[in-house]
Amino acid sequence: MDVLKIATAGSVDDGKSTLIGRLLYDTKSLTSDKLEAIETKSRQLGYDYLDFSLATDGLVAEREQGITIDVAHIYFSTVNKSYIIADTPGHVEYTRNMVTGASTSQAAIVLIDARKGVIEQTNRHFFINNLLRIKTVIVAINKMDLVDFSEEKYNAIKSDFEALMSKRDYQNQNISFVPVSALKGDNVVNRSENTPWYDGETLLENLEGINNEDIYNVGTPRFPVQYVIRPKTEEFHDFRGYAGKVYGGELSVGDDVVVLPSQTKSKIKEIHFYDKKVETASRRSSVLITLEDDVNISRGDMIVKENDLPTVDKQFTATISWMDSQDLTAGKKYVVQHGVNKVLAKVDQIHHKINPDYSGIDEAVNALSMNDIATVSFKLNKPIFYDAFKSHRTNGSFILIDSQSNNTVGAGFIQ
């Protein structure tokens with residue numbers, strides 16, 4: 001079954017957790033004990049309705065304050081598809097959590113409170129989805145019941161969001177708009193009679209209609225080697241295969257390839273998928289590859305097509321989302337983890353800080369604080385083989401690790 005990972009984004013009290021809870025409830029994905037707990041807690045709080053946010057806000061502080069603090073992953077399935085929802089906080093100070101949730105997602109739901117319309121935080125959420133090249137974005141205009149399901153209000157918010165879309169630099173996005181009431185269930189799973197003026201799909205219908213073949217940005221094939229397979233048995237005495245996952249494109253038997261960083265050339269001899277031999281390894285498939293020549297390959301090397309090489313360099317410039325309480329400053333050293341490779345890196349220059357509300361850049365910056373997004377240059381102690389994030393989402397991204405604490409302190413997207 002296809003699996004789709006979705007990131008949610010919305011300002012405080014826009015109703016993200018309630019929307020997700022409603023999705024779980026209407027798709028009958030809540031267990032009986034969970035539903036009973038929601039009913040009991042809702043009665044204790046004096047509500048005359050079910051508070052579906054209780055289905056997702058798992059921390060005590062979240063339930064007490066009625067806000068989302070940490071990234072939670074919620075799982076549910078329909079007949080056609082399985083879903084993983086990254087429920088991220090809406091506060092400005094949790095920008096790093098939004099980046100974390102969206103970095104591994106293939107689609108996003110951006111919530112807007114119908115009473116408030118497009119606000120500064122909406123700009124920030126859309127900026128992050130644009131930065132991370134999320135191809136499918138569903139704009140859920142929530143709490144329509146509080147504006148009497150006004151078509152005029154819906155159209156005004158849609159128009160404001162379309163003006164925001166004109167500021168993006170990533171145009172290859174599929175963006176749809178849905179008027180919903182997460183609390184009442186209008187247009188979440190079931191079509192609402194309160195919006196006869198809306199002839200589009202419900203939120204779930206939009207999700208069900210996403211073609212998983214289209215959600216990944218198509219690039220060039222990259223095969224980072226995760227493990228070298230040497231059985232050393234009588235039956236497979238001289239067998240040498242290379243296990244990994246194909247990103248960006250396809251690799252086929254007979255392709256002329258280059259092994260990086262050695263630049264050794266060879267040809268693909270066989271491709272094994274589990275217990276079968278296949279002629280072509282499709283993108284995002286985990287396979288084992290053998291080559292015609294006995295080549296020295298180890299974990300961290302990369303197999304690419306001969307006429308389609310990535311950049312091999314000891315320096316690069318990237319957009320950084322800073323996630324640590326300790327500031328990033330020029331001259332500091334970190335470990336760059338790019339795929340399975342770990343390389344020591346020094347911060348060469350902080351070029352400018354990017355305001356994620358589309359208000360421009362700040363060039364007068366000497367350090368990055370938690371939740372800052374900026375353009376930064378790095379120098380490495382050895383080359384890595386990378387692509388620009390815009391052209392290859394997987395091979396153009398990395399994380400920064402503090403070598404002393406071993407904490408992940410930043411996420412980067414190579415320019």
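The values are calculated or read from the model by the stated rules, or taken from the named source; none is laboratory data. All figures in this text were calculated on a predicted structure; none of them were measured in a lab. All Cβ positions, even for glycine, are placed from backbone atoms using ideal geometry, and neighbour counts span all protein chains on display. Surface areas here come from the heavy atoms of the whole protein model, side chains and all, with no ligands, DNA or RNA. Shrake-Rupley method; radii C 1.70, N 1.55, O 1.52, S 1.80 Å.
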3J(HN,Hα) from dihedral phi, region 134-143, Karplus parametrisation 6.51/-1.76/1.60, rounded to Hz, x for glycine, proline
6, 7, 10, 10, 9, 8, 9, 8, 8, 6
Which entries in LYS81/LYS267; LYS143/LYS245; LYS245/LYS333 show an alpha-carbon gap greater than 32 Å?
LYS81/LYS267; LYS143/LYS245
Quick check of the Kirkwood formula: for region 148-279, what is the inverse mean of 1/r over all pairs of different Cα atoms, in Å?
20.1
Let me know the longest stretch in the chain that avoids all GluC sites (Glu not before Pro) found in a DSSP loop with at most 11 other C-beta atoms within 10 Å.
1-192
If you plug each phi of region 406-415 into the Karplus form 6.51 cos²θ - 1.76 cosθ + 1.60 with θ = phi - 60°, what whole-Hz ³J(HN,Hα) values come out, in order, with x for Gly and Pro?
6, 7, 6, 10, x, 10, x, 9, 6, 8
For ASP402 and THR264, FRET efficiency with R0 = 41 Å and r from the beta-carbon atoms, rounded to 0.05?
0.75
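If each residue of separation counts as 0.36 nm, what is the full-extension length gain between LEU344 and ASN194 once their alpha-carbon separation is subtracted? Working shown, then result.
Numbers: separation 150, 0.36 × 150 = 54.00 nm, distance 5.80 nm.
Gain on extension, LEU344 to ASN194, equals 48.2 nm.
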Rounded to whole Å², per residue accessible area for the chain with a 1.4 Å probe reads 46
Which of the trypsin sites (Lys or Arg not before Pro) across region 255-351 are loop residues per DSSP, with 16 or fewer other Cβ within 10 Å?
ARG284, ARG299, LYS332
So what is the orientation-averaged projected area of the chain, using the convex hull of its C-alpha atoms, in nm²?
23.0
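So for region 311-414, what percent of the C-alpha to C-alpha distances run longer than 19 Å?
The calculated P(r) of region 311-414 puts 36 percent of pairs beyond 19 Å.
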Note down the Stokes-Einstein diffusion coefficient of region 156-215 in µm²/s, whole number, using a Kirkwood radius over alpha carbon pairs, 25 °C, and 0.890 mPa s.
186
In a solvent-free Debye calculation with one equal scatterer on each Cα, what is log10 I(q)/I(0) for region 264-368 at q = 0.12, 0.24 Å⁻¹, listed in the order of the q values?
-0.67, -1.46
Looking at the calculated P(r) for region 3-214, what percent of the C-alpha pair distances fall above 24 Å?
37
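Calculate, in whole percent, how much of the Cα-Cα pair population of region 221-297 lies beyond 13 Å. Please report the intermediate quantities before stating the final value.
Working: 1926 of 2926 pairs.
Counting every Cα pair in region 221-297, those more than 13 Å apart make up 66 percent.
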Amide H to amide H, which residues 5 or more places from VAL409 or on other chains are under 5 Å from it, using H placed in the peptide plane?
LEU400, ILE401, ASP402
Skipping prolines and chain starts, which residues have an amide H placed within reach, meaning under 5 Å, of the one on GLN315, given they are 5 or more residues away or on another chain?
LEU380
What residues have an amide H closer than 5 Å to that of THR136, excluding those fewer than 5 places away on the same chain, when H is modeled at 1.01 Å from N in the peptide plane?
ALA108, ASN174
Can you give me the three principal axis dimensions of region 351-412 from its C-alpha atoms, in Å, biggest first?
34, 33, 18
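Counting only protein heavy atoms and using a 1.4 Å probe, what share of the accessible area of the chain belongs to carbon plus sulfur, as a whole percent? Mind showing how you got there, number by number?
Numbers: 8520 of 19210 Å².
Here carbon and sulfur together make up 44 percent of the probe-accessible area.
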In debye, nearest 20, what is the charge dipole magnitude of region 233-371 about its Cα centre with +1 on Lys and Arg Cβ and -1 on Asp and Glu Cβ, if you could check?
340
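Charges only on Cβ, +1 for Lys and Arg, -1 for Asp and Glu: so what's the dipole of region 357-411 about the Cα centre, in debye to the nearest 20? Before the final figure, lay out each step's value.
Working: 4 positive and 6 negative charges, 76 e Å.
Magnitude of the dipole: close to 360 debye.
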